[in-house]
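Asks: Before anything else, here's the structure in question.
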Amino acid sequence: MSLLAVDRSPPPGNAAGTPANATRTFAPARNRRGVRLGGIRALSPLLAVALWQLASSTGVLPARLLASPLSVVNSAWALTVEGKLPQALLVSVQRVAVGFAVGALVGVALGLLTSLSWWADQLLDPNLQALRTLPFLGLVPLLIMWFGIGELPKVFLVAFGTAFPLYLNTYAGIRSVDRRLLEAATVLRLGRWQRIRHVVLPGALAQVLVGLRQGLGVAWLSLIVAEQVNADAGLGQMIMEARDFYQTDVIVVGLVVYAILGLVTDAAVRAAERRVLAWRP
C-alpha cells in the first residue's frame, strides 16, 4: 500500500463517526440553555412584583383592595420587630409538624394494610374514600363539639388532610410494583415479609414520596382553615385579625409566609427524594 494513500477511517469517537468532542461541545450548550431558562424563571416573579408595584403606585390598584409590595415589606419588617410574626410562625409550624406526623403515620399504615390485605381493602377502602370527600369547613363545627376550641381540633384537621394523599399514594405504589420482581422473589424463595421488605416497599417508595409532597401541601391548606376558626395564635389568626381592620398588607404578609413555608417544605422533600432514590436512573 502506498504511503500516500488517504486514510478513510472515521475520526476518533463512536462507531458512526461522530467526533469525540461532540458530547463535550453539546453538554456545555445544553447547560447554557438550562441557565438561560432558569434565569427566565427567576425573572418572571420579579416582573410580576414590579407590575404589581406599578399598578399600586399609579392608583390602578387601590390600597383598600391590595397593598403595594413596598407596604407589604414594611409591614413584614414591623411585625418581625414587634415579635408578632415570629410568634405566629412558631405556633403554626408546631401545629403542622404534629398534625403532619400523625397524619403521615396513619396514612402510610392504612395504605400498607389495604394494599396488602384483600379483606382490609374491601372493609376499609370504601369508608376511607367517603371520608376523603368531606369538606374541611364542614368538619369544624363537629370538631369543636368533640374537642373544644383548643389545639386538638386544629392538629386533628391537619392530620385528617394529610393522611389521605399518603394513603392513596402508598396504596397505588404498592399495587403498581412490577409483577416480574415479585415472581423473581418467589423463585428466590423469599418469605412474605422478606418480599415486602426487599421488593414491595422499595418499589413503592417513589410513589410514597409523591404522597409526602402532596400531604405537606394539604397540611398547610388545612392549617389555614383550622387557624381561621376560634384560634388565638398563629398565622391564620393574624390574617383574620387583619381582616377585621382592613389591613390588606398584613393579610398579604401572612399569605406570603404560608407560600414560603410550603415551598421550603416541598424543596426539603424533593432533596430527600433525590438522596433516597439515587439508585434510580
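Asks: Between Thr133 and Leu90, what is the label-point separation in nm under the 7 Å Cα-to-beta-carbon projection?
Replies: Placing both labels 7 Å beyond Cα along the Cβ direction yields 4.4 nm.
Asks: Say each of Arg64 and Ile144 gets a label point 7 Å from the Cα, pointing the same way as Cα to Cβ; how far apart are those two points in nm?
Replies: 3.0
Asks: How do Leu166, Leu261, Leu65, Leu152 line up, fewest other C-beta atoms within 10 Å first?
Replies: Lowest count first: Leu65, Leu152, Leu261, Leu166.
Asks: If the chain between Arg197 and Asp178 were fully stretched, how many nm would it gain, using 0.36 nm times the residue separation less the Cα-Cα distance? Walk me through the numbers before you get to the answer.
Replies: Working: separation 19, 0.36 × 19 = 6.84 nm, distance 1.47 nm.
Going from the current span to full extension adds 5.4 nm.
Asks: Can you pull out the trypsin sites (Lys or Arg not before Pro) in the stretch 55-149 that DSSP calls coil and that have at most 16 other Cβ atoms within 10 Å?
Replies: Here the sparse-neighbourhood loop sites are Arg64.
Asks: Order by neighbour count: Met145, Met238, fewest other Cβ atoms within 10 Å first, most last.
Replies: Met145, Met238
Asks: Sorting Glu82, Glu273 on the 10 Å Cβ count, fewest up front, what's the list?
Replies: So the ranking, lowest neighbour count to highest, is Glu82, Glu273.
Read-outs throughout are calculated quantities, based only on the coordinates presented, and are distinct from any laboratory measurement. As the structure is a computational prediction, the values presented were derived from the model and not from experiment. For neighbour counting, all protein chains shown are included, and Cβ atoms are generated from backbone atoms with ideal geometry for every residue, glycine included.
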